[in-house]
Amino acid sequence: MRGKRSFVWAVGCIIAIFLIGGPFILPNFWTWVVIEIMVMSLAAMSVNFLLGYAGCLSFGHSAFYAAAAYATAIMMTKTGMNQYQVLLLAPLTAAILGAVIGLLVSRLYAFYYAIMTCAFAMIVWSIIRRLPGLTGGDTGIVGIQFTGLLNGMTNIYYFTLAVIILCGLILWVIGNSPLGWSLRAIRENPDRSAFISIDVIKQRCLALVISSFFCGVAGSLHVVYSFGAFPELAFWTKSGDFVTICILGGINSFLGPIVGSVALILLETMITSVTLYWPMVLGIIICAVVFFMPEGIMGFVKKFGWEKVNEQKS
Amino acid sequence: MEINASLLASLVISGMARGMIYFLLSCGLTIIFGVMGVVNFAHGAFYMLAFYITFTVANAIGFWSSLIIVPLVMILVGAVAERGLFQRVYKSGHVFQLLLSVGIIHVISDLVRLLWGLDPKNGSIPNLLMGCFDMFGMVISKYSIFIIGISSVIAVVLITILYKSKIGSIIRACVYDEEMTRGLGINVSGVFSLVFMAGIGMAAVAATIAYPMTSGTLGMDAQMIIIAFCVTIIGGVGSIGGALVAGLVIAIVESLGILVLPQYADTFIYVIVVAVLFFRPQGLFSIE
């Protein structure tokens with residue numbers, strides 16, 4: 001048991017050192033990849049917050065991601081606001097959108113919830129493409145430059161890392177707060193939760209708002225590292241990617257989304273350098289996960305690592 | 001643009017034609033969901049695949065034979081997909097069912113890109129369907145009449161099978177109580193395959209008859225699946241009649257919307273969806 005635990009500590013320390021020294025250890029290309037992984041993990045964590053705790057499968061998180069990205073881009077280019085104010089306000093835009101959508105979808109369950117969130121994301125997508133004056137239409141908004149603390153690869157890297165760690169901690173705290181536990185209760189049985197005076201619809205709506213806020217943070221960070229906002233961010237495939245990452249990592253685990261996004265984006269980066277047909281590979285990976293690894297990578301690790309620890313313990 | 005009765009009438013007719021295509025597409029989705037409890041997100045992708053196959057077949061042999069060949073090919077594809085993939089997730093819960101269909105969408109749309117390339121594929125109207133009728137001063141294209149005719153026939157056949165035949169009662173029994181039906185000694189998984197194949201076949205018919213007026217692009221699957229979802233939500237899940245009414249309503253609103261606010265024609269659909277969801281979340285004609 002002690003061996004296992006110190007092994008986990010050792011791996012944790014290596015990852016920590018690796019993350020802290022990131023831009024100095026890694027070549028430029030891979031540093032950008034790590035930034036992308038971090039942003040995707042935050043978005044997937046926000047999806048996992050809904051899926052893992054509240055049991056709501058959202059196929060519409062691309063709406064929040066894109067809303068915040070566009071809010072950031074529009075405020076940066078059209079208004080003279082301070083960039084830090086912009087980065088604080090943009091996720092709030094996503095949260096407001098989340099509240100509006102949440103009011104409409106929080107009564108729905110399972111498929112209905114997934115389909116309706118997806119439909120709303122597509123509404124956002126079509127609105128973005130229909131307002132070329134504001135959003136740049138199909139081309140999007142490009143060439144957004146941040147200054148000061150957010151200028152240059154190294155700065156962006158550390159800023160993103162700090163934001164991700166902060167948001168992860170907040171999500172962890174919320175997940176283990178009374179709200180988190182009542183969401184788990186709702187996931188297990190909405191009717192019984194209602195009997196013990198949990199306001200089911202309100203709690204689920206609140207969960208969506210929180211989740212959309214953090215997805216919005218990821219969306220704003222997307223603008224920071226890619227210098228632009230594009231309509232594809234609102235397209236349903238983006239939501240599909242988030243959900244895939246959650247399942248690939250493992251939905252019953254807090255670290256699942258991070259592991260999932262590391263795995264998926266590393267694969268994407270390596271495979272796209274070989275072939276143009278990454279979506280097909282992605283589709284096959286998804287089918288394989290569904291059939292052979294429904295618990296995700298974390299479930300796999302737990303099965304072959306942690307369970308042995310528990311056996312030794314008992 | 002001057003708005004008069006004849007323009008309005010021809011817009012409504014062309015809207016109806018498109019509405020029937022929406023109906024054919026969504027009734028496959030809605031039956032599959034009603035019977036198996038699986039939302040087939042990939043329905044739009046199957047539609048797109050059928051469209052591209054139609055393009056090849058229509059160019060090689062001709063439009064009229066593709067009307068028979070493509071649905072048959074797609075029924076085969078549906079059988080393979082059901083037996084090989086969907087059958088294994090019926091018990092896995094909605095998250096995995098949706099994820100599996102997302103995977104299938106990725107594979108199909110990339111396969112289409114691989115086989116047919118990126119450039120849009122435009123259909124052409126066969127000679128027989130070119131031109132217009134002149135009825136009571138209204139100009140109505142033959143093609144719209146063709147679509148409305150063929151899909152009405154399919155709708156009538158479908159509803160007759162579902163409500164008057166033995167296999168229809170078995171399917172309805174599966175919707176109602178799958179376990180009890182199985183208990184009565186009925187081969188439920190066979191019924192599932194049949195329904196899935198029929199659903200995909202219907203999407204293929206929709207794609208084939210839509211072929212002459214549509215420009216096929218790689219994004220068309222997303223466009224169609226969203227419309228199919230809207231139809232399903234408005235009409236109520238599992239209701240064929242609801243799908244018919246909702247498909248027609250959506251398409252006619254779309255055509256008339258082009259007249260009023262051309263840029264936002266499809267936004268009207270979403271407004272209807274949100275309104276229905278708000279006031280009648282189970283859909284207008286829900287069986288529940």
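The values are calculated or read from the model by the stated rules, or taken from the named source; none is laboratory data. The model shown is predicted, which means the values in this text are computed figures rather than measured ones. Ideal geometry is used to build each Cβ from the backbone, glycine not excepted, and the neighbour counts take in all protein chains shown. Heavy atoms of the whole protein, side chains included, go into the accessibility calculation; ligands, DNA and RNA do not. Shrake-Rupley method; radii C 1.70, N 1.55, O 1.52, S 1.80 Å.
In region A:245-292, what percent of the accessible surface is made up of carbon and sulfur (1.4 Å probe, ligands and nucleic acids excluded)? Numbers along the way, then the final one.
Values: 1530 of 1970 Å².
In region A:245-292, the share of accessible area belonging to carbon and sulfur is 78 percent.
Other chains' Cβ within 10 Å of A:241-248 residues: what's the mean? All intermediate terms of the calculation are to be shown ahead of the outcome.
On the way: counts 1, 0, 4, 4, 0, 2, 5, 1.
Going residue by residue through A:241-248 and averaging, the value is 2.
Working from label points 7 Å from Cα in the Cα-to-Cβ sense, the B:ILE258 to A:LEU26 distance is 4.9 nm.
Share of pairwise Cα-Cα distances greater than 28 Å in chain A is 41 percent (whole percent). Per the Cα gyration tensor, region B:20-218 maps to an equivalent ellipsoid with semi-axes of 32, 22, 13 Å, ordered largest to smallest.
Roughly how big is chain A's charge dipole about its Cα centre, with Cβ charges of +1 (Lys, Arg) and -1 (Asp, Glu), in debye to the nearest 20? Working shown, then result.
On the way: 17 positive and 11 negative charges, 116 e Å.
Charge dipole, chain A, about its Cα centre: 560 debye, nearest 20.
The trypsin sites (Lys or Arg not before Pro) of region B:1-105 that meet both conditions, a loop assignment by DSSP and at most 12 other Cβ atoms within 10 Å of the site Cβ, are B:LYS91. Dividing the mean sequence gap of close Cα pairs (under 8 Å, 6+ apart) by how many residues region B:196-288 holds gives a relative contact order of 30 percent. Among the chymotrypsin sites (Phe, Trp or Tyr not before Pro) found in region B:119-161, those both in a DSSP coil and sparsely packed, with 16 or fewer other Cβ atoms within 10 Å of their Cβ, are B:PHE136.
Where the only charges are on Cβ atoms (+1 Lys, Arg; -1 Asp, Glu), what is the dipole of chain B about its Cα centre, to the nearest 20 debye? Mind showing how you got there, number by number?
Details: 12 positive and 12 negative charges, 110 e Å.
Result for chain B is approximately 520 debye, rounded to the nearest 20.
The share of accessible area on region B:215-288 that comes from carbon and sulfur is 73 percent, using a 1.4 angstrom probe. For region B:173-243, the set of chymotrypsin sites (Phe, Trp or Tyr not before Pro) satisfying both a DSSP loop assignment and a count of at most 10 other C-beta atoms within 10 Å is empty.
What percent does the relative contact order of chain B come to when contacts are Cα pairs within less than 8 Å and at least six residues apart?
Details: 414 pairs, mean separation 106.8, N = 288.
Once normalised by length, the contact order is 37 percent.
Against chain B, whose longest principal axis is taken from its Cα atoms, helix B:220-235 shows a tilt of about 80°. Where the accessible area of region B:62-150 is counted over protein heavy atoms with a 1.4 Å probe, how much of it, in %, is carbon and sulfur? The C+S portion of the solvent-accessible surface of region B:62-150 is 71 percent. Straight-line reach from A:LYS303: taking Cα to Cα under 17 Å and skipping same-chain neighbours fewer than 8 places apart, the aspartates and glutamates in range are A:GLU295, A:GLU311. For region A:257-276, the residues whose amide N sits under 13 Å from a probe point set 7 Å from the Cα of B:LEU118 along the beta carbon direction are A:276. Each Lys and Arg Cβ is given +1 and each Asp and Glu Cβ -1; about its Cα centre, the protein assembly as shown then shows a dipole of about 1060 debye.
Find the relative contact order for region A:50-186 and round it to a whole percent, using C-alpha pairs within less than 8 Å whose residues are 6+ positions apart. Once divided by the residue count of region A:50-186, the mean separation gives 32 percent.
Would you mind working out the accessible area per residue for the protein assembly as shown, using a 1.4 Å probe, and quoting it in Å²? Spell out each step's value before the answer.
Values: 25960 Å² over 602 residues.
Result: 43 Å² per residue.
By the helix-only formula, in which each DSSP H run with n ≥ 4 contributes -39500 (n - 2.57) and the sum is divided by residues, the protein assembly as shown has a 222 nm mean residue ellipticity of -25000 deg cm²/dmol.
Residues of region B:227-266 losing 20 Å² or more of accessible surface, assembly versus chain alone, probe 1.4 Å, please list them. At a threshold of 20 Å² (probe 1.4 Å), the residues of region B:227-266 that become less exposed are B:PHE229, B:ILE233, B:VAL237, B:GLN263, B:TYR264, B:ASP266. Counting only the Cα atoms, the protein assembly as shown fills a convex hull of 174 Å³ per residue. Whole number please: convex hull volume per residue of the Cα set in region A:118-277, in Å³? Per residue, the Cα convex hull of region A:118-277 comes to 154 Å³.
Compute for chains A and B the buried accessible surface, both sides summed, probe 1.4 Å, and express it in Å² to the nearest 100. List each step's numbers first, then the result.
Numbers: alone 15880 and 13980 Å², together 25960 Å².
Its buried surface, counting both partners, is about 3900 Å².
Our note on the geometry: Cα centres of region B:1-54 and region A:245-279, 35 Å apart.
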